[in-house]
1. Expressed as a whole percentage, what fraction of the accessible surface of segment 149-305 belongs to carbon and sulfur atoms when a 1.4 Å probe is rolled over the protein heavy atoms?
2. Would you tally the net charge around Ile69, using a Cβ to Cβ cut-off of less than 11 Å, leaving Ile69 out, and scoring K and R as +1, D and E as -1?
3. Hand me the GluC sites (Glu not before Pro) from segment 48-103 located in a DSSP loop with no more than 15 other Cβ atoms within 10 Å, in residue order please.
4. So what is the relative contact order of segment 1-141, in percent, for Cα pairs below 8 Å that sit 6 or more residues apart?
5. With the Cα gyration tensor of segment 1-135 in hand, convert its eigenvalues to equivalent ellipsoid semi-axes via √(5λ) and list them largest first in whole Å.
6. Averaged over all directions, how much area does the convex hull of the C-alpha atoms of segment 23-67 cover when projected, in nm²?
7. Where the accessible area of segment 1-114 is counted over protein heavy atoms with a 1.4 Å probe, how much of it, in %, is carbon and sulfur?
8. Per DSSP H run of at least 4 residues, take -39500 (n - 2.57); add these up for the chain, divide by its residues and hand me the 222 nm value, nearest 500 deg cm²/dmol.
Amino acid sequence: MELLFLGTGAGVPAKQRNVSSIALQLLQERSAVWLFDCGEATQHQILHTSIRPRRIEKIFITHLHGDHIYGLPGLLGSRSFQGGEEPLTVYGPPGIEQFIKVTLEVSQTHLKYGLKVIEVNEGVIFEDSTFKVECAKLEHGVTSYGYRIVEKDLPGALQVERLKEAGVQPGPHYKQLKEGKRICLEDGREINGAEFIGESRPGKIVTILGDTRMCKNSTKLAENANVLVHEATFAEGDEKLAYDYYHSTAKQAAQVARQANVQKLILTHISARYQGQAVESLVEGALKEFKYTVVASDLASFPVE
């Protein structure tokens, strides 16, 4: 599981930062990529990575401001032109379905794959045997959501040494035992795989928030997360400016991380007013509140540990 930042800027593209888009790579977990927001030129940023558009299984839109959605029609079309046939689901606030429908119809873009659009409400919006995704409203100028991605607990490891001690040598039946099944050995003994599996391992939690003021739902969504991705449009000292424009400072993001007991905070959505040394100062303000803080740059990747 890895986070790859395709765009980390706020509002408009800058020379060093494109607008918002984050890829959550789940290649080992489900051979797929989940995209969070799709600002202008996201597909161009993808060209600089190993991501294949056909591997994008889901796209989660936090809110409908242009710097988070203007790249979506182009990506959807290119995915089809490049031979993508796997189904794709887009999640987002009310209005996302109309936006996609109108842009594809007006441009006469015909997709070769099944596209499903789900306009979300607060609560669990997706769940299967391996993952659960829930969302909650944040505080922004338009309806904005944060997403909490929970990997379900992983089965424990097969206790190979104990099996060998019991006289069960490696072979194809180890796969059956790993699945908790029973096997019958040549000597007539029956072995129950469930008795040779260690304790389950907790799954990982990733929280990705849309644009927001500091609010209670930010902390709730981030509770005990392995990684929190939080906007940091403004630096410490610009709290009033952040509040007036429905955004957060880097220090406020760090306060959320500390209150929510997360393991790591990644700052993104950085205003173009902060360049070079100013970005380092922005991070320093956050580090005073939460020492496990880093600021993302375009095309930077972070394993979820």
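1. Values: 4010 of 8120 Å².
Heavy-atom surface of segment 149-305 belonging to carbon and sulfur, 1.4 Å probe: 49 percent.
2. Combined, the nearby Lys, Arg, Asp and Glu give -3.
3. Glu85
4. On the way: 265 pairs, mean separation 23.3, N = 141.
In percent, rounded to a whole number, it is 17.
5. They are 19, 18, 17 Å, listed from largest to smallest.
6. It is 3.2 nm².
7. 49 percent
8. When only DSSP H runs of four or more count, the value is -7000 deg cm²/dmol.
The values are calculated or read from the model by the stated rules, or taken from the named source; none is laboratory data. Please read all numbers here as calculations on a predicted model, not as lab measurements. Backbone-built Cβ (ideal geometry, glycine too); neighbour counts: all protein chains shown. Note: accessible area is taken over every heavy atom of the protein model, side chains too, but ligands, DNA and RNA are not part of it. Shrake-Rupley method; radii C 1.70, N 1.55, O 1.52, S 1.80 Å.
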